[in-house]
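Participant: Just dropping this structure here.
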Amino acid sequence: MLDALLITRMHDAMTVALHEVEGEVAIEASADGLMALATAQHRANFDLWHEEDKARVPEVLDAEIVRVKRAIDSLNQRRNDLVEKMDLWLIDRLDQVIAAPLHSETPGLMIDRLSILALKIYHTREESHRVNATEQHRSKNTERLVLLEEQRQDLASCLDALWTEVLEGRRRFKLYRQMKMYNDPELNPAVYGRKNDLGDG
């Protein structure tokens, strides 16, 4: 049901494919529900990463920054919604031991972190081979790449260990709603405060 190695391989393959074709990566109809959600979640992180890059371009027009900011908010909401969907998918198929110690981080959140690490690894590897960069730059990124790959291996091992403990009844997790407030105008005082100010006039 949950295999960290399969997930990290999917992240890597999908990251390469998205950079090569710059288009949609199809989700196989026969794919396991969790893998389909993890694939969609990685796509959201991929799109979020590249939208954030656009906002950092020097002398970018204000109108483009506004567009990018709104896209980032939407993609971040999708990213977090898919984390919750992964956790719900797993919870619905488990019979957890309620007396087992609670784990503070859910599998969905760990898969999200693995997704981000896959993107960091891809781009750091690119920088370690960039021909128009200095040797110092390439060397620095080669060192960073080793650390990132170690971090991903550690996290993947922790995810597998958590899943084993959950299946054995020695650990449990529950859904943690992200409660994101920035996309809800009723929870943003900069938005509802403005409405009130306009209404008072």
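Participant: Take Arg170, Arg79 and sort them by solvent-accessible surface of the protein heavy atoms, 1.4 Å probe, largest at the top. Don't jump to the answer; show the numbers that get you there.
Facilitator: On the way: Arg170 120, Arg79 55 Å².
The residues order as Arg170, Arg79, largest area first.
Participant: Something else: Can you pull the accessible area of Ser139 for me, 1.4 Å probe, Å² to the nearest 10?
Facilitator: Counting only protein heavy atoms, the figure is 50 Å².
Participant: Can you sort Ile7, Ile91 by solvent-accessible area, 1.4 Å probe, largest first?
Facilitator: On the way: Ile7 0, Ile91 45 Å².
Reading off the accessible areas and sorting them downward yields Ile91, Ile7.
Participant: Among residues other than Asn132 whose Cβ falls under 14 Å from its Cβ, what is the net charge (Lys/Arg +1, Asp/Glu -1)?
Facilitator: On the way: positive: Arg130, Arg138; negative: Glu126, Glu127, Glu135.
Within the 14 Å Cβ shell, the charges total -1.
Participant: Accessible area per residue of segment 77-161 at 1.4 Å probe, in Å²? Mind dumping the intermediate values first?
Facilitator: Numbers: 4790 Å² over 85 residues.
With the other protein chains kept in place, segment 77-161 gives 56 Å² per residue.
Participant: For Glu150, what accessible area in Å² do you get when you roll a 1.4 Å probe over the heavy atoms of the protein chains, rounding to the nearest 10?
Facilitator: 100 Å²
Participant: Still on this structure: Return the whole-Å distance between the Cα centroid of segment 34-73 and the Cα centroid of segment 110-181.
Facilitator: Measuring centre to centre over Cα atoms gives 19 Å.
Participant: Determine the share of segment 68-130's accessible area contributed by carbon and sulfur atoms, expressed in whole percent, with a 1.4 angstrom probe. Walk me through the numbers before you get to the answer.
Facilitator: Numbers: 1510 of 3060 Å².
Ligands and nucleic acids excluded, carbon and sulfur give 49 percent.
Participant: Solvent-accessible area of Leu109, probe 1.4 Å, all protein chains present, reported in Å² to the nearest ten, please.
Facilitator: 40 Å²
The values are calculated or read from the model by the stated rules, or taken from the named source; none is laboratory data. Since this is a predicted model, take the numbers as computed values, not measurements. Every residue, glycine among them, receives a Cβ derived from its backbone with ideal geometry; neighbour counts consider all protein chains shown. The protein model used for the area step is the full one, side chains on, heavy atoms only, and it has no ligands, DNA or RNA in it. Shrake-Rupley method; radii C 1.70, N 1.55, O 1.52, S 1.80 Å.
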